[in-house]
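The values are calculated or read from the model by the stated rules, or taken from the named source; none is laboratory data. Since we're looking at a predicted model, the values are computed, not measured. Cβ coordinates were reconstructed from backbone atoms using ideal geometry, including for glycine residues, and neighbour counts include every protein chain displayed.
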Amino acid sequence: MGVPLELLASHPLNPTRPKMLDLLYRTALLLNVLWFAVAFHYFSIRHFAAAKVLVPESSRDSPLFLTIAASIRFLGGMNFAFAILSLLMLLGFLASSDRHQRAALLLVLAIAHGSQFCFNVPIARGGGRQGESFWDVHRGPMKFIFRVDATLMIADAILCVIYFFAR
C-alpha cells in the first residue's frame with residue numbers, strides 16, 4: 001500500500017516542482033552567501049581570533065603564531081570569493097535559468113564546503129586537539145564550522161543532483 005505517484009508529483013513539497021525547487025535554490029544560495037561572508041570576516045578580518053582557535057595557548061608566543069594568523073587570511077579571501085559567487089547566483093547574474101549551469105555552480109559550492117569539512121574529519125576522528133597539535137573540532141567555533149560546512153555541502157550536493165537530473 002504505497003502512495004500513488006500522481007499524489008507525490010503534485011505534493012507542494014515535491015522538489016521537482018519548479019516553484020519549490022526555485023525556493024530551495026534561493027534559500028541554499030542565501031545560506032551560502034551568509035556562511036561564506038561570515039567565514040571571510042572571521043578568517044580575514046578577525047584572523048587573530050581565528051588563529052587562537054587553531055593554536056594552543058601555550059604556543060601563541062611563538063613567531064609561528066603570527067605566521068598562522070597571517071596565513072589564514074587567505075582562507076578568508078577564498079570564502080569572500082565564494083560569497084560573491086553565491087550572491088551573483090542569487091541575484092540571477094549567473095545561471096539564472098539553465099539547470100546544468102545551476103547544477104555545476106552548486107557542485108562547486110558543495111566542493112568548497114566539502115573540502116573544509118573533509119579535511120577536518122581526520123582531526124575529529126583523532127579526538128581533536130591533542131596537546132600542542134591540531135585544533136578542537138568537538139568544541140567551540142570549529143565544531144560549529146565543522147557542522148555547518150557538512151550541512152551546506154549536503155544541501156548544495158542534493159540540489160546539484162536534483163538540477164542535473166531534472167527535466
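Values for this structure:
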read-out: Residue satisfying condition, being at pLDDT 95 or above, assigned to a helix (DSSP H, G or I) and among the hydroxyl-bearing types (Ser, Thr, Tyr), within set SER58, SER44; value: SER44
read-out: Unmet criterion (only one of (1) part of a helix (DSSP H, G or I); (2) within 26 Å of LEU54 (Cβ to Cβ); (3) at pLDDT below 90) for HIS100; value: (2)
read-out: Conditions (1) without any contact (Cβ under 8 Å) to a residue 12 or more places away in the chain; (2) more than 24 Å from ILE123 (Cα to Cα); number of the one not met by ALA37; value: (1)
read-out: Any chance LEU159 is in contact (Cβ under 8 Å) with a residue 60 or more places away in the chain and more than 19 Å from ARG46 (Cβ to Cβ); value: yes
read-out: Within segment 83-103, considering residues that are touching a helix residue (DSSP H, G or I) at 6+ places or on another chain (Cβ under 8 Å) and without any contact (Cβ under 8 Å) to a residue 24 or more places away in the chain, the one farthest from TYR25 (Cα to Cα); value: LEU94
read-out: Of residues in segment 50-59 being touching a helix residue (DSSP H, G or I) at 6+ places or on another chain (Cβ under 7 Å) and of a type outside the set (Val, Ile, Thr), the one farthest from ILE145 (Cα to Cα); value: SER59
read-out: Test for ARG73: is it touching a residue at least 60 places away in the same chain (Cβ under 8 Å) and either under 21 Å from the mean Cα position of the chain (by Cα) or within 17 Å of LEU21 (Cα to Cα) (or both); value: no
read-out: Among (1) at pLDDT 95 or above; (2) not in a helix (DSSP H, G or I), the one test that VAL3 misses; value: (1)
